[in-house]
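The values are calculated or read from the model by the stated rules, or taken from the named source; none is laboratory data. Just so you know, these numbers come straight off a predicted model, no measurement behind them. Glycine also receives a Cβ, built like all others from the backbone with ideal geometry; neighbour counts cover every protein chain displayed. The protein model used for the area step is the full one, side chains on, heavy atoms only, and it has no ligands, DNA or RNA in it. Shrake-Rupley method; radii C 1.70, N 1.55, O 1.52, S 1.80 Å.
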Amino acid sequence: MADPSSYRPKPGQIPDSPGVYKFRDEHRRVIYVGKAKNLRQRVANYFQDLANLHPRTRTMVTTAASVEWTVVSTEVEALQLEYSWIKEFDPRFNVKYRDDKSYPYLAVTLNEEFPRVQVMRGAKKKGVRYFGPYGHAWAIRETVDLMLRVFPVRTCSAGVFKNAERTGRPCLLGYIGKCSAPCVGRVTPEEHRDLAEDFCDFMAGRTGTYIRRLEKDMMQAAEEMEYERAARLRDDAGALKRAMEKSAVVLADATDADLIAVAEDELEAALQIFHVRGGRVRGQRGWVTDKVEAVDTSGLVEHALQQLYGEERGDAVPKEVLVPALPEDTEAVSQWLAERRGSQVSLRIPQRGDKKDLMATVQRNAQQALGLHKTKRASDLTTRSRALEEIAEALGLDTAPLRIECYDISHLQGDDVVASMVVFEDGLARKSEYRRFQIKGFEGQDDVRSMHEVIGRRFKRYLQEKERTGEWEEQPTGTPADGPAPTGPVPGPVPAAGPAVGDGEPSAVAEDTEPREDDGRPKRFAYPPQLVVVDGGQPQVAAAKRALDELGIDDIAVCGLAKRLEEVWLPDDDDPVVLPRSSEGLYLLQRVRDEAHRFAITYQRAKRAKRIRTSPLDDVSGLGETRKQALIKHFGSVKKLRQATIDEICEVPGIGRRTAESVAAALASTAPAAPAVNTATGEIIEEDDGGSS
């Protein structure tokens, strides 16, 4: 535990200007970010007598090892910089809301030539208009189905759209009048975009104009005795009214507002947000957070506003935001919201009338959400705690293994050998920490040798991080700075290992010859587990233990879980540890092992599929996917293309003579030595797959 006086800034060193400050721990990781109107007053509050500090603040300042700050011009800039740093550094002592589920939105892709209406989840994209969020995707589809009668906007995917363009025939919706069929030219791009914008206007709450227009056209058609047209317009108006009825009117003055309510206790807080557009509830969201910092209701509201509107622009920020308590610096927050919207935003507490009544409803939802969350978490925490205690007792560990890493090897008859690393923290999967490895040290099938390589590479990176951040510094006596010397060789500079492939990311650690400044971001491979689990029995466990011993690491427990009898194997033990079948500890180990297996086999299959899809044409420099497809389409298969002359290849549109020569050379160098034979029938297999050889 650090003494805050050891890093307390000198008197007068801190400016009395607005700014943002960061606390870092001894490894230079950012653990807390805050902002202040007056940096000197705010930062000084952290260095008073520890007995006077809130317990959570006391934990933070004793975990920190340094504090630094950045001066800004205005309080609005401080608010924006604080949000940016919290998002970038993910500090452990800042309140961070997490959605209790992934909400679907109704999205209109106005960034496309022919805008499409669809259901979308996840991060918002530029140029797409969003409505919602909705509680269920089926609610969006019901609403869209009703509205397509009046606004027949495209809903098909890009593949279906291109196929209709190619064949000149629209899809079923085009035939039944629920799509204007821009794919076959029934409407121009401009007319279709007008339909999409009318659709957006209706969803944004401007509903009365369209219904009145339909009713007027209906009466006119009836007067002109065009009864079929009048009936169709009547049905269209009815469809729009039914779509409106799906979201009840809650505010009679067609208000655009977001209402935020907070329910909290000493440890956790739940937020509920109702999105009201045109006086109707268009969406609802729920957030839950641990109160890891000393924060009151106004602070929770400010954090919620930052995370709710930090990435939004324009109409996504409503004209009015109603909250249960105003942020500490209401003026700065209001100005920040106005800048994001582009016009004035009213931030206030409702005092009377319909808005106060609706806020009470949102508050009840928040209370129910917090109660439900605590009920679920209490059960989960009890079970997970019991599982970790059982594992610690069975394996003879001093403490419960709060971080468990599991490794599995996957291959297909010795080809495409890969490994996976999955991480469970406090009994829950931490998917952002998952890693994938390609086995590079040797060819062929050897699970034991593969396990030794993967464990060695992973923990070399761990030692590199320790050395780079100063956790492991060689002393003159040979004792590391952070404690007693480990048994085995004390590592000097650890050589960079072969590439480790992250989850869709590049090599996890590049070879470093010069020290780098630590920027405070969470590092891959920086945190050691208390327990390493390998998928396998004695040989795999021995290989993992040997890899750790070679690196001088003796404070990490190792075990293996064998599939056949679900036995737990420990290093140097001839007999396995047998946990009861009803054991929560065994169940947790099985979940960890199964997740590692799933992650490994998914990666291995993806690699194999990519290898199978390769073609000799892939090696031709400058030959893109479009021209490759043109060649295959022209000749019918790679085999026939291989038999073609350079002049014949030049006949393909877009293929010049130099490219044709490169194609011919590439195919000649990969010509099969002998035809493939079906061993079951004796038939020669023709190479007519059109994509690979």
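The table that follows gives values for the structure above.
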{"item": "Filtered residue count, the range 577-603, keeping only those that are in a loop (DSSP other than H, G, I, E, B) and touching a residue at least 24 places away in the same chain (Cβ under 8 Å)", "result": "2"}
{"item": "Unmet requirement for LYS319, which otherwise passes all of (1) out of contact with any Asp or Glu (no Cβ under 6 Å at 6 or more places or on another chain); (2) open to solvent by 50 Å² or more (accessible area, probe 1.4 Å); (3) basic (Lys, Arg)", "result": "(1)"}
{"item": "One residue from LEU617, LEU631 being over 34 Å from the mean Cα position of the chain (by Cα), outside any loop (DSSP other than H, G, I, E, B) and modelled with pLDDT under 75", "result": "LEU617"}
{"item": "Residue in the range 148-160 that is surrounded by the most Cβ atoms within 10 Å (Cβ to Cβ), counting only those that are among the hydrophobic types (A, V, I, L, M, F, W, C) and within 29 Å of the chain's Cα centre (by Cα)", "result": "CYS156"}
{"item": "First in the range 317-337 and within 15 Å of GLN307 (Cα to Cα), second anywhere and in a helix (DSSP H, G or I) and polar (S, T, N, Q), Cβ under 8 Å, 6 or more apart", "result": "PRO327/SER298; TRP336/GLN80"}
{"item": "Per-region count, the range 336-355, residues polar (S, T, N, Q), open to solvent by 80 Å² or more (accessible area, probe 1.4 Å) and over 19 Å from SER298 (Cα atoms)", "result": "1"}
{"item": "Single condition ILE140 does not satisfy, out of (1) touching a residue at least 60 places away in the same chain (Cβ under 8 Å); (2) open to solvent by less than 50 Å² (accessible area, probe 1.4 Å)", "result": "(1)"}
{"item": "Failed item, numbered, when GLU190 is tested on (1) of a type outside the set (A, V, I, L, M); (2) in a helix (DSSP H, G or I); (3) surrounded by 14 or more Cβ atoms within 10 Å (Cβ to Cβ)", "result": "(3)"}
{"item": "Selection from the range 400-420 of residues that are part of a loop (DSSP other than H, G, I, E, B) and either free of Cβ contacts under 8 Å to residues at least 40 places away in the same chain or open to solvent by 10 Å² or more (accessible area, probe 1.4 Å) (or both)", "result": "ALA400, LEU402, GLN413, GLY414"}
{"item": "The range 294-316: number of residues that are surrounded by 22 or more Cβ atoms within 10 Å (Cβ to Cβ) and of a type in the set (Val, Ile, Thr)", "result": "1"}
{"item": "Complete set of residues in the range 198-225 that are open to solvent by 80 Å² or more (accessible area, probe 1.4 Å) and without any contact (Cβ under 8 Å) to a residue 40 or more places away in the chain", "result": "THR209, ARG212, ARG213, LYS216, MET219, GLN220, GLU223, GLU224, MET225"}
{"item": "Among the candidates GLY371, GLY396, residue that is surrounded by fewer than 14 Cβ atoms within 10 Å (Cβ to Cβ), modelled with pLDDT under 85, out of contact with any helix residue (DSSP H, G or I) (no Cβ under 9 Å at 6 or more places or on another chain) and of a type in the set (Gly, Ala, Ser)", "result": "GLY371"}
{"item": "Members of the range 650-668 that are over 13 Å from LEU623 (Cα atoms), part of a helix (DSSP H, G or I) and modelled with pLDDT of 85 or more", "result": "CYS650"}
{"item": "Any hit, the range 433-447, residues being open to solvent by 60 Å² or more (accessible area, probe 1.4 Å) and at pLDDT 85 or above", "result": "no"}
{"item": "Residue list for the range 36-49, filter: surrounded by 14 or more Cβ atoms within 10 Å (Cβ to Cβ) and outside any loop (DSSP other than H, G, I, E, B)", "result": "ALA36, LEU39, ARG40, ARG42, VAL43, ALA44"}
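To keep it simple, each residue is scored yes or no on (1) modelled with pLDDT under 85; (2) over 23 Å from VAL144 (Cα atoms); (3) open to solvent by less than 10 Å² (accessible area, probe 1.4 Å); (4) charged (D, E, K, R).
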position: ALA252; (1), (2), (3), (4): yes, yes, no, no
position: ALA270; (1), (2), (3), (4): no, yes, yes, no
position: ARG280; (1), (2), (3), (4): yes, no, no, yes
position: TRP287; (1), (2), (3), (4): yes, yes, no, no
position: VAL292; (1), (2), (3), (4): yes, yes, no, no
